[in-house]
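K.L.:
Mind looking over this structure? Questions follow.
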Amino acid sequence: MMDVQLLKSLSEARGISGQETAVRQVVLNAIDGHAEQIRIDPLGSITAVKPGTGERRLRVMIAAHMDEIGFMVSGVDGDGLVRFVNVGGVDDRILPGLRVKIGTNGTSGVIVWTPIHLNRDQAVVKMSSLRIDIGAASKDDANGKVKLGDMIVFDTSFIEIGEHMLRGKAFDDRVGCSLLIDVLRGGPYPVDVLAAFTVQEEIGLRGAQVAAQFFQPDVAFVLEGTTANDIPNPLVEVDDQDEPNPTCRVLGGPVISIMDRSMIVDPRMLNFLRTTAERHDIPYQLKSQLGGGTDGGSIHISTSGVMTGVISMPCRYIHSPAALLHRTDYDNMLRLIQTALQTIDDAVVRR
């Protein structure tokens, strides 16, 4: 079952790509006593091992990335407004008016732009034209509160909505981290579980590449958060819509990737995951859209090649200040990965 307080701590921790320290500490505290050979590699990823119980133990790597999208301070204007650049994929359309936190001290700010009353052409303002107001009266005042290179993250509190929905930032991929922690806390498994909480996924799948080269696994799984675009298309009249065209749906179960921009899943892995879900009455969805990528893109071409599967949590409004997920999807995704670990064997990976 989901540890809601753990997911809350992971979601609210501030950690854009390359600055995952706060997230890393939450993970280290959570897996203490549940894994062996815990280490932090030179890039900052956490690797850990949960030994299996089988005689011929497959080495199964499971990866989830700790970093989130965000911004970085790139300068300060003479009036004390803060300039910034993105770290990872951010949509300019969602930025005006957002609350953010800057630096290790969490200085509060608001992304400002020309008021809608004066923006006659209603154009989307590019990020380079936006600024963050931290309440500074001058450049010197602002420089006393923030500095060049400070990380900037969305200012979002984790909350429960109703009985089953959860809202928070950075579910891509703190939900994967939470699931991987649950895997380490569970078991035993017949295979060796090689856990990798990776860094810098959002800017190039970098931590996963190093972790995979270190582990040299027989097979790998990536736990991710993905886009549940199961809402009406605002550009199409309601009467003209048959069904939304989502990547996946909330309450549809874990999402098994067929392919994305970074990899094509081996048919044997795809068949194994689908068969596992069907035999154990676990609902699932298939992802075939080419947008996006995961740590699997680096893992599957590491060393001499690693068969890799990707299982994702359907999340609405991903890569935004506040994503939504459903507890039932979480529980089913955990069931799928734990069942896969109990049943995978040499026959799955053998040519």
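K.L.:
Which of the following residues is free of Cβ contacts under 8 Å to residues at least 40 places away in the same chain, farther than 30 Å from Leu130 by Cβ and outside any strand (DSSP E or B): Gly54, Gly33?
P.N.:
Working: Gly54 fails: free of Cβ contacts under 8 Å to residues at least 40 places away in the same chain.
Checking each option against the conditions leaves just Gly33.
K.L.:
So in region 126-135, with the set limited to residues that are at pLDDT below 95 and not in a loop (DSSP other than H, G, I, E, B), which one is nearest to Thr226 (Cα to Cα)?
P.N.:
Of everything passing the filter in region 126-135, Met127 is nearest to Thr226 (Cα to Cα).
K.L.:
If you don't mind, there's one more thing I want to ask. Hey, could you check region 201-228 for residues that are under 17 Å from the mean Cα position of the chain (by Cα) and on the phi > 0 side of the Ramachandran plot and say which is surrounded by the fewest Cβ atoms within 10 Å (Cβ to Cβ)?
P.N.:
Once the filter is applied, the top-ranked residue is Gly204.
K.L.:
Determine if region 148-158 includes at least one residue that is in a loop (DSSP other than H, G, I, E, B) and of a type in the set (D, E, K, R).
P.N.:
Restricting attention to region 148-158, the residues satisfying the condition of being in a loop (DSSP other than H, G, I, E, B) are 148-150, 155-158.
Remaining after also requiring of a type in the set (D, E, K, R): 150, 155.
Yes, region 148-158 contains at least one residue that is in a loop (DSSP other than H, G, I, E, B) and of a type in the set (D, E, K, R).
K.L.:
For region 241-286, name all the residues that are touching a Ser or Thr at 6+ places or on another chain (Cβ under 7 Å), closer than 15 Å to Asp329 by Cα and not in a loop (DSSP other than H, G, I, E, B).
P.N.:
Val255
K.L.:
Give me the residue from region 327-351 that is of a type outside the set (Val, Ile, Thr) and in contact with a helix residue (DSSP H, G or I) (Cβ under 8 Å, 6 or more places away or on another chain) and, out of that set, farthest from Val265 (Cα to Cα).
P.N.:
Step one: list which residues in region 327-351 are of a type outside the set (Val, Ile, Thr), which gives 327, 329-336, 338, 340-342, 345-347, 350-351.
Narrowing the set further to residues that are in contact with a helix residue (DSSP H, G or I) (Cβ under 8 Å, 6 or more places away or on another chain) leaves 330, 333-334, 336, 338, 340-341.
Values: Tyr330: 22, Met333: 18, Leu334: 20, Leu336: 17, Gln338: 19, Ala340: 16, Leu341: 18 Å.
Within region 327-351, the match that is farthest from Val265 (Cα to Cα) is Tyr330.
K.L.:
What single numbered condition from (1) at pLDDT 95 or above; (2) buried (at least 20 other Cβ atoms within 10 Å of the Cβ) fails to hold for Leu324?
P.N.:
(2)
K.L.:
Examine region 136-144 for a residue that is in a loop (DSSP other than H, G, I, E, B), surrounded by fewer than 19 Cβ atoms within 10 Å (Cβ to Cβ) and of a type in the set (D, E, K, R), and state whether such a residue exists.
P.N.:
Going through region 136-144, the residues in a loop (DSSP other than H, G, I, E, B) turn out to be 136-138, 144.
If we keep only those that are surrounded by fewer than 19 Cβ atoms within 10 Å (Cβ to Cβ) too, we end up with 137-138, 144.
Those still in the list that are of a type in the set (D, E, K, R) too: none.
Checked region 136-144: no residue is in a loop (DSSP other than H, G, I, E, B), surrounded by fewer than 19 Cβ atoms within 10 Å (Cβ to Cβ) and of a type in the set (D, E, K, R).
K.L.:
Just to be sure I understand the filter: pairs with C-beta atoms under 9 Å, separated by 6 or more residues or on different chains, first member in region 267-296 and without any contact (Cβ under 8 Å) to a residue 40 or more places away in the chain, second member among the charged types (D, E, K, R). Which pairs pass?
P.N.:
Pairs that qualify, where the first residue is without any contact (Cβ under 8 Å) to a residue 40 or more places away in the chain and the partner is among the charged types (D, E, K, R), are Gln285/Arg249; Leu286/Arg274; Ser288/Asp260; Leu290/Asp260; Leu290/Arg261.
K.L.:
Kindly provide the set of residues from region 64-81 that are touching a helix residue (DSSP H, G or I) at 6+ places or on another chain (Cβ under 6 Å) and either surrounded by fewer than 18 Cβ atoms within 10 Å (Cβ to Cβ) or part of a strand (DSSP E or B) (or both), ordered by number.
P.N.:
Initial filter on region 64-81 (touching a helix residue (DSSP H, G or I) at 6+ places or on another chain (Cβ under 6 Å)): 64-66, 76, 78, 80.
Within region 64-81, Ala64, His65, Val76, Gly78 qualify.
K.L.:
Determine whether region 288-303 contains at least one residue that is on the phi > 0 side of the Ramachandran plot and surrounded by fewer than 18 Cβ atoms within 10 Å (Cβ to Cβ).
P.N.:
Looking for residues that are on the phi > 0 side of the Ramachandran plot and surrounded by fewer than 18 Cβ atoms within 10 Å (Cβ to Cβ), one finds at least one in region 288-303, hence yes.
K.L.:
Sticking with this one: Hey, does region 40-50 have a residue that's of a type in the set (Val, Ile, Thr), within 30 Å of Asp346 (Cα to Cα), surrounded by fewer than 16 Cβ atoms within 10 Å (Cβ to Cβ) and without any contact (Cβ under 8 Å) to a residue 40 or more places away in the chain?
P.N.:
Yes.
K.L.:
Can you tell me how many residues in region 151-162 are surrounded by fewer than 20 Cβ atoms within 10 Å (Cβ to Cβ) and either in contact (Cβ under 8 Å) with a residue 40 or more places away in the chain or in contact with a strand residue (DSSP E or B) (Cβ under 9 Å, 6 or more places away or on another chain) (or both)? First the steps, then the outcome.
P.N.:
Step one: of region 151-162, the residues surrounded by fewer than 20 Cβ atoms within 10 Å (Cβ to Cβ) are 155, 157, 159-162.
If we keep only those that are either in contact (Cβ under 8 Å) with a residue 40 or more places away in the chain or in contact with a strand residue (DSSP E or B) (Cβ under 9 Å, 6 or more places away or on another chain) (or both) as well, we get 155, 157, 159-161.
Final tally of qualifying residues: 5.
K.L.:
Condition first: over 17 Å from the mean Cα position of the chain (by Cα), assigned to a helix (DSSP H, G or I) and crowded, with 19+ Cβ neighbours inside 10 Å. Can you find one or more residues in region 10-30 that meet it?
P.N.:
Scanning region 10-30 turns up at least one residue that is over 17 Å from the mean Cα position of the chain (by Cα), assigned to a helix (DSSP H, G or I) and crowded, with 19+ Cβ neighbours inside 10 Å.
K.L.:
Filter region 291-304 down to residues that are more than 14 Å from Phe215 (Cβ to Cβ) and part of a loop (DSSP other than H, G, I, E, B), then give me how many there are.
P.N.:
5
K.L.:
A follow-up question, please. Would you pick out the residues in region 84-102 that are within 18 Å of Asp141 (Cα to Cα) and surrounded by fewer than 18 Cβ atoms within 10 Å (Cβ to Cβ)? Write out each step before concluding.
P.N.:
Going residue by residue through region 84-102, those that are within 18 Å of Asp141 (Cα to Cα) are 84, 101-102.
Listed by number, the list is empty, since nothing qualifies.
The values are calculated or read from the model by the stated rules, or taken from the named source; none is laboratory data. None of these values were measured; they are calculated from a predicted model. Heads up, the Cβs are rebuilt from the backbone with ideal geometry, glycines too, and the neighbour counts pull from every protein chain shown.
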